[in-house]
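Asker: Pasting in a structure now, in structure tokens, and then I'll have a few things to ask.
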Amino acid sequence: MADVIFYFDFGSPNAYLAHKVIPEIEKRTGARFRYVPALLGGIFKATGNRSPAEAYAGIPSKLRYEGKETERFVKKHRITDYARNPHFPVNTLQIMRGAVAAQRLGLFEAYVDAVYRAMWVDGLKMDDPAVIEAALTAAGLPAAELIALTQDPGVKAELIANTEDAVAHGVFGSPSFLVGDELFFGKDKLRDVEEEVAAHRV
């Protein structure tokens, strides 16, 4: 069975909420979600898209609805470890490079869990180098080694390549999922993702 490609950025609360639900889908389907770090700022720049907070800044009712929809999703999936980050929006460049660095060090899953927790449970300012280092250290990760590797030209280039690949596949935001050639956007499309996975089994 083909993997589901999950293009993600730590700065998207909806990508975090999808991350919390993905294990359930993997258990039900046997499919594996392959996490691909792709810089949301780069995706927005390449596609002319904007974050919901910016796009709907002049439409208070739309923003309220988005908040209500998030509450429903959290309740439906019984997610207890989620809180809005008071520093949102956060510049995620360094922590996204860190994700690529963590892949190279064989620490990717632990890194993703630690950074997502720091962002969307603990509400930390994860564009502050000192905060990043403290959060990684608290999670038992080699913070100094990871942070140093974020400056490696190969790591920087890989994140750019991931981002360009996402855009080439039609991605314009996060979370985005690719099942074969079919693209799905948004945490509310996870049911459709699961149905597409099932269709690939036939």
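The values are calculated or read from the model by the stated rules, or taken from the named source; none is laboratory data. Because the structure is a prediction, the values reported are computed rather than measured. Backbone-built Cβ (ideal geometry, glycine too); neighbour counts: all protein chains shown. The area values use the complete protein model at the heavy-atom level, side chains included, leaving out ligands, DNA and RNA. Shrake-Rupley method; radii C 1.70, N 1.55, O 1.52, S 1.80 Å.
Asker: Test V171 against the stated conditions and say whether it is out of contact with any Pro (no Cβ under 9 Å at 6 or more places or on another chain), part of a helix (DSSP H, G or I), open to solvent by less than 20 Å² (accessible area, probe 1.4 Å) and not small (G, A, S).
Answerer: In short, no.
Asker: Follow-up question, since we're still on this one. Output the residues belonging to segment 140-168 that are touching a Pro at 6+ places or on another chain (Cβ under 9 Å) and among the charged types (D, E, K, R).
Answerer: E158
Asker: Among the residues of segment 58-77, is any open to solvent by 20 Å² or more (accessible area, probe 1.4 Å), out of contact with any Pro (no Cβ under 7 Å at 6 or more places or on another chain), over 23 Å from L178 (Cα atoms) and assigned to a loop (DSSP other than H, G, I, E, B)?
Answerer: Checking segment 58-77: at least one residue is open to solvent by 20 Å² or more (accessible area, probe 1.4 Å), out of contact with any Pro (no Cβ under 7 Å at 6 or more places or on another chain), over 23 Å from L178 (Cα atoms) and assigned to a loop (DSSP other than H, G, I, E, B).
Asker: Has segment 3-16 got any residue that is out of contact with any helix residue (DSSP H, G or I) (no Cβ under 7 Å at 6 or more places or on another chain) and in a helix (DSSP H, G or I)?
Answerer: Looking for residues that are out of contact with any helix residue (DSSP H, G or I) (no Cβ under 7 Å at 6 or more places or on another chain) and in a helix (DSSP H, G or I), one finds at least one in segment 3-16, hence yes.
Asker: Kindly establish whether K20 is within 28 Å of A53 (Cα to Cα), open to solvent by 40 Å² or more (accessible area, probe 1.4 Å) and not β-branched (V, I, T).
Answerer: yes
Asker: When you check Y7 against the structure, is it closer than 25 Å to L149 by Cβ, aromatic (F, W, Y), open to solvent by 20 Å² or more (accessible area, probe 1.4 Å) and within 17 Å of the chain's Cα centre (by Cα), yes or no?
Answerer: Answer is no for this residue.
Asker: How many residues, within segment 149-168, are in contact (Cβ under 8 Å) with a residue 60 or more places away in the chain and of a type outside the set (A, V, I, L, M)?
Answerer: Looking only at that region, the number is 4.
Asker: I'd like to verify a number: residues in segment 162-202 that are farther than 15 Å from R34 by Cβ and among the hydrophobic types (A, V, I, L, M, F, W, C), how many?
Answerer: So the count comes out to 8.
Asker: Pick from segment 84-132 the residues that are of a type in the set (D, E, K, R) and either open to solvent by less than 10 Å² (accessible area, probe 1.4 Å) or without any contact (Cβ under 8 Å) to a residue 60 or more places away in the chain (or both): which of them is farthest from L17 (Cα to Cα)?
Answerer: Filtering segment 84-132 for residues that are of a type in the set (D, E, K, R) and either open to solvent by less than 10 Å² (accessible area, probe 1.4 Å) or without any contact (Cβ under 8 Å) to a residue 60 or more places away in the chain (or both), the one farthest from L17 (Cα to Cα) comes out as R104.
Asker: While we're looking at this one, here's another question. Scan L178, L190 and give me the residue that is touching a residue at least 60 places away in the same chain (Cβ under 8 Å) and touching a strand residue (DSSP E or B) at 6+ places or on another chain (Cβ under 6 Å).
Answerer: Answer to the selection: L178.
Asker: Still on this structure, please answer the following. For the structure I just gave you, tell me whether R34 is modelled with pLDDT of 95 or more, in a helix (DSSP H, G or I), among the basic types (K, R) and within 13 Å of the chain's Cα centre (by Cα).
Answerer: Here the answer is no, as R34 does not meet what is asked.
Asker: In addition: Could you check G41 against (1) open to solvent by 40 Å² or more (accessible area, probe 1.4 Å); (2) over 22 Å from A166 (Cα atoms); (3) of a type in the set (G, A, S) and say which number it fails?
Answerer: Condition (2) is where G41 drops out.
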